[in-house]
Amino acid sequence: MVGPAAALRSRWRPARAAAALIAIVACSGSSDNDGALRADGGARDGGPGPLSCSDEGSVDGGYPVADYRVAIGGTLPDWSFDSLPGKVALRDYYEPCAPRARLLVVRVGAPWCGTCRWHLAHTGELGALDIGPRLRWLDLLVSDRDNDPPQTADIPSYRALIDAPDAIAIDPNYAFGSVDPGRGSLPLVVLVDTRTMTVRSYLHDPDPQLLELRLRQELAALDRLPEPAYPPLERFDGVFTRNQWSLLHDMTLPGAPPAEPSNAKADDPAAAALGKALFQDVRLSPSGKVACGSCHDATRNLQDGLPQSTGGVATVDRNSPSVALAAHARWQLWDGRADTLWMQALGPLEDAREFGGTRLFVAHAVAAHYPGAYASVFGPLPDLADVQRFPSAGRPGDPTWEAMSPGDRQATTTIFMNVGKAIAAYERTLRVKPNRLDAYIGGDLGALSPDEKSSLSGFFVNGCAQCHWGPRLTDDAFHPDRYPTGRQDGQADRGRIDGIARLASSEFVQPSSSLVAHAAQLGSFKTAPLRGVAGSAPYGHGGTLATLQEAARNYGTAGLPMSDPRAVGATERWLPEFAQSHADALVPFLQVLTAEPEP
């Protein structure tokens, strides 16, 4: 048994011989979705063995002639991928007459992917092995950090994640994904014989021992040597592989949120005090019945517990997420239609189904009830008493608003923006209490029961940590999960593709935001943080999944069938599928993930 503190202090020491390797086990998602050739060089499915060294076996001496297919034993097509500078071509790795076989390790991943980031950060360990000189690396990027199609401009930031970078290119079509007829999480690692450009093996998110063993196995097979012996398993606390243990210790309790450059009062205590009062004040709504706290109730983990929030005027189309850790998010709301916390706070105030108000109404409410507190943070209010200049209600597009002078409109909008910034300052002060997972990470190995540890192991094995990682257990990216719609008209919710259009047209958008719409965004929603998932039912953007079991099962089946009209968009090929029994087994761990707000 290895304690958490000792495990974090020690680094995995790559073995120099087979005695330090791991046996291939068929109980994990990373190993039962992989494949390999036989030791004699033939495919386990009866495919061809290696080609001989001959110019007749290549195109102009540059690439092998074959019936190209991306499969175990198949010869890869003569692909090239955009990179910086120029392109990276598979033919650049073809070496038919090399005196000793080498492996091209093609690793497909993305920066939003937590399991990918772990492997990228530990590349150098494999390069330091005695077999390191026989490995060549090609990293392919399938999407950017928001899960939009990658551009070559994304390569430098991806390279920065790799401790020993080699060639990197973009692969927006996930070309190597077809090596696996099923589904599996990223990273996808494909091993290729450089003398024939045939696929030897593939693995999904392999633990480091498994990957080293597979590399040694394939090189031994190519060298016509006996297969390395299977060594004892390395397990932390008797349960977790080293990469799982490391990722687990990154799920620490969140601290202070990142800086918010667009809000000069983000961490001003006086602004936070004003924001707290505004957050609970129903006088910001014309009905006098709804406040921010109506849908984000501190007694309900700062959400409302309803499938779709009722708002102040009518029921909306989506579930109300908790705002307890919203200050940490890169995007706000399910579809990311706000790029700052203060912009998100403004949306409900002028939404016809929520507060049903206008910025002029809000400005007058602030002037009537908070003139001193506002002035102490943002400076004196303009004189709003003249209703000819400042009508009692109005927003852009309303006749009353358009009749105002540009200066008065700007003065009103400034008050409105400052209301959002004060509320955001308050929300940035929100913290959550540690839960039993935090105690376990902190070294109390008894904080989780054996069933909960087994459930947590399944969380890793089934690929959940691909998207749910870090302190909040989210990648803050957008994925088409095909959860059922919550729209009141029953139509499928289009998600991010509409959200980014709304963001692009907003007067409050920040110039640094990426505002390009892509077809892949159809039906995509932001990955829900799992810290706090216990006790925050119902689930999904539409609030249509009543229990954790239902949510896990929906995820395990890659969402609703494509024929179901309650969802749009196609789930990604790296969204893993797993059995209903595996989904049910995730529930004990998910129930540990409380996020009770601190007083």
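The values are calculated or read from the model by the stated rules, or taken from the named source; none is laboratory data. Keep in mind that this is a model prediction, so the values were computed, not measured. Here the Cβ positions follow ideal geometry from the backbone for every residue, glycine too, while neighbour counts run over all protein chains shown.
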Inset, instruction - Please state which one of Pro181, Pro150 is surrounded by fewer than 17 Cβ atoms within 10 Å (Cβ to Cβ) and assigned to a loop (DSSP other than H, G, I, E, B). - result: Pro181
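Identify all residues within segment 558-592 that are of a type in the set (D, E, K, R), part of a loop (DSSP other than H, G, I, E, B) and surrounded by 16 or more Cβ atoms within 10 Å (Cβ to Cβ); write none if there are none.
First pass over segment 558-592, keeping only residues of a type in the set (D, E, K, R): 564, 566, 572-573, 577, 584.
Checking the rest, the ones that are also part of a loop (DSSP other than H, G, I, E, B) come to 564, 566, 572-573, 577.
Within segment 558-592, Arg566, Glu572, Arg573, Glu577 meet the criteria.
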Inset, instruction - Identify, by number, the condition in (1) free of Cβ contacts under 8 Å to residues at least 60 places away in the same chain; (2) touching an Asp or Glu at 6+ places or on another chain (Cβ under 9 Å) that Gly556 doesn't meet. - result: (1)
Inset, instruction - Test Leu215 against the stated conditions and say whether it is more than 26 Å from Ser157 (Cβ to Cβ), at pLDDT below 95 and buried (at least 22 other Cβ atoms within 10 Å of the Cβ). - result: no
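Could you name every one of the helices (runs of 4 or more DSSP H) located completely within segment 405-508 that has at least 3 residues being within 21 Å of the chain's Cα centre (by Cα) and under 25 Å from Val316 (Cα atoms)? So that I can check it myself, show each step before the final result.
Working: elements: 406-427, 436-441, 450-461, 496-504.
Here the list reads 496-504.
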Inset, instruction - With the condition kept exactly as written, say whether any residue in segment 32-52 is touching a strand residue (DSSP E or B) at 6+ places or on another chain (Cβ under 7 Å), of a type in the set (Asp, Glu) and either modelled with pLDDT of 90 or more or not assigned by TED's automatic domain parsing to the domain that holds Gly177 (or both). - result: no
Inset, instruction - Only residues that are surrounded by 24 or more Cβ atoms within 10 Å (Cβ to Cβ) and within 27 Å of Pro484 (Cα to Cα): list them for segment 350-371, please. - result: Phe355
Legend entry - So Ala271, is it modelled with pLDDT of 95 or more and either assigned to a loop (DSSP other than H, G, I, E, B) or touching a strand residue (DSSP E or B) at 6+ places or on another chain (Cβ under 7 Å) (or both): no
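Within segment 544-557, can one find any residue that is in a loop (DSSP other than H, G, I, E, B), over 30 Å from Thr252 (Cα atoms) and over 19 Å from the mean Cα position of the chain (by Cα)? First the steps, then the outcome.
Quick first cut of segment 544-557, residues in a loop (DSSP other than H, G, I, E, B) only: 544, 546-547, 557.
Those still in the list that are over 30 Å from Thr252 (Cα atoms) too: none.
For segment 544-557, residues in a loop (DSSP other than H, G, I, E, B), over 30 Å from Thr252 (Cα atoms) and over 19 Å from the mean Cα position of the chain (by Cα): absent.
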Legend entry - Failed condition for Val290, given (1) under 16 Å from Val419 (Cβ atoms); (2) under 29 Å from the mean Cα position of the chain (by Cα); (3) in a loop (DSSP other than H, G, I, E, B): (2)
Inset, instruction - Answer yes or no as to whether Leu233 is surrounded by fewer than 23 Cβ atoms within 10 Å (Cβ to Cβ) and either among the acidic types (Asp, Glu) or part of a helix (DSSP H, G or I) (or both). - result: no
